[in-house]
Ligand SMILES: Nc1ncnc2c1ncn2[C@@H]1O[C@H](COP(=O)(O)OP(=O)(O)OP(=O)(O)O)[C@@H](O)[C@H]1O
Ligand SMILES: [Mg+2]
């Protein structure tokens with residue numbers, strides 16, 4: 001179980017996260033929504049060890065991992081998929097996937113792991129020898145999501161998987177995330193500006209504004225109370 005207690009993240013004088021407490025539901029998708037600069041990426045980056053935590057705690061199965069190095073957190077089962085990161089642009093698609101597999105827990109043997117990726121996204125198989133940097137935006141996002149899930153991590157942090165993508169690709173990636181989460185019982189924290197999109201696949205959601213949680217509830221409740229529309233109108 002992942003638990004965030006009273007987390008404060010600051011970059012020098014800028015406080016990006018100002019006392020956030022939350023706990024994603026096990027084996028389900030939890031949405032973190034909010035406008036530009038609300039602190040979504042900072043929250044995920046703090047959980048994977050990439051953002052400076054000033055105070056508060058991050059607990060994994062009761063163990064305080066707030067000061068544990070990033071690589072060790074990956075080995076403990078926390079995978080982080082973010083735009084443009086963890087992708088080696090000069091390396092081939094398949095080399096990227098192999099590195100991601102080596103970096104993680106290697107719960108699944110390589111031949112099965114790679115076959116699964118190609119079954120999900122056949123275009124990655126077609127382009128497996130191509131340099132990752134030469135893939136289209138949508139194909140890169142497929143690679144990023146595949147690299148993050150190739151080790152079937154128990155915890156998955158997804159930062160704006162829809163960013164800059166055509167609706168058809170977004171649907172494909174969201175279908176993959178939902179299916180993969182259901183099949184493996186993955187606990188997912190999904191940060192998205194596209195609140196409605198994220199809440200539709202989530203069981204629960206948190207709304208961040210200026211580094212604080214201003215609303216939380218079941219995804220259904222958040223959609224029904226018109227919050228999504230309000231967010232879109234006011235902040236997008
Ligand atoms: N490396 C950094 N150094 C200084 N300030 C930063 C850094 N990263 C983020 N910030 C600041 O922290 C705040 C939160 O940013 P963050 O990227 O977490 O928001 P976000 O919700 O992910 O936004 P977006 O939807 O645009 O991705 C912003 O005010 C931002 O300017
Ligand atoms: Mg962000």
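Name the residue, out of 51, 92, that is within 16 Å of ligand 2 (Cβ to nearest atom) and free of Cβ contacts under 8 Å to residues at least 60 places away in the same chain. Lay out the reasoning, then the answer.
On the way: 92 fails: within 16 Å of ligand 2 (Cβ to nearest atom).
None of the others qualify; the one that does is 51.
Among 222, 189, 208, which is within 16 Å of ligand 1 (Cβ to nearest atom) and more than 14 Å from the chain's Cα centre (by Cα)?
It is 208.
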Name the residues in the stretch 211-236 that are touching a helix residue (DSSP H, G or I) at 6+ places or on another chain (Cβ under 8 Å) and modelled with pLDDT under 65, would you? 232
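For the subset of the stretch 20-29 comprising residues that are away from ligand 1 (no atom under 12 Å from the Cβ) and buried (at least 22 other Cβ atoms within 10 Å of the Cβ), which member is farthest from the chain's Cα centre (by Cα)?
Filtering the stretch 20-29 down to residues away from ligand 1 (no atom under 12 Å from the Cβ) leaves 21-29.
From what's left, buried (at least 22 other Cβ atoms within 10 Å of the Cβ): 24, 29.
Numbers: 24: 12, 29: 10 Å.
In this case the residue turns out to be 24.
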Here are the criteria: (1) crowded, with 19+ Cβ neighbours inside 10 Å; (2) in contact (Cβ under 8 Å) with a residue 40 or more places away in the chain; (3) touching a helix residue (DSSP H, G or I) at 6+ places or on another chain (Cβ under 7 Å). Tell me which single one residue 73 does not satisfy. (2)
Restricting attention to the stretch 155-179, report how many residues are surrounded by fewer than 22 Cβ atoms within 10 Å (Cβ to Cβ), within 16 Å of ligand 1 (Cβ to nearest atom) and either at pLDDT 95 or above or within 13 Å of the chain's Cα centre (by Cα) (or both). 3
Go through 58, 17 for me and flag whichever is more than 15 Å from residue 156 (Cβ to Cβ), near ligand 1 (Cβ under 9 Å from one of its atoms), touching a residue at least 24 places away in the same chain (Cβ under 8 Å) and touching a helix residue (DSSP H, G or I) at 6+ places or on another chain (Cβ under 9 Å). 17
Across the stretch 72-95, what is the total count of residues that are closer than 20 Å to residue 155 by Cα and part of a helix (DSSP H, G or I)? 4
Among the numbered criteria (1) modelled with pLDDT under 95; (2) touching a strand residue (DSSP E or B) at 6+ places or on another chain (Cβ under 9 Å); (3) within 16 Å of ligand 2 (Cβ to nearest atom); (4) more than 17 Å from residue 92 (Cα to Cα), which one does residue 144 miss? (4)
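The values are calculated or read from the model by the stated rules, or taken from the named source; none is laboratory data. Just so it is clear, the model here is predicted, and its values are computed rather than measured. Neighbour counts are summed over all protein chains in view; Cβ atoms, including those assigned to glycine, are modelled from backbone coordinates with ideal geometry.
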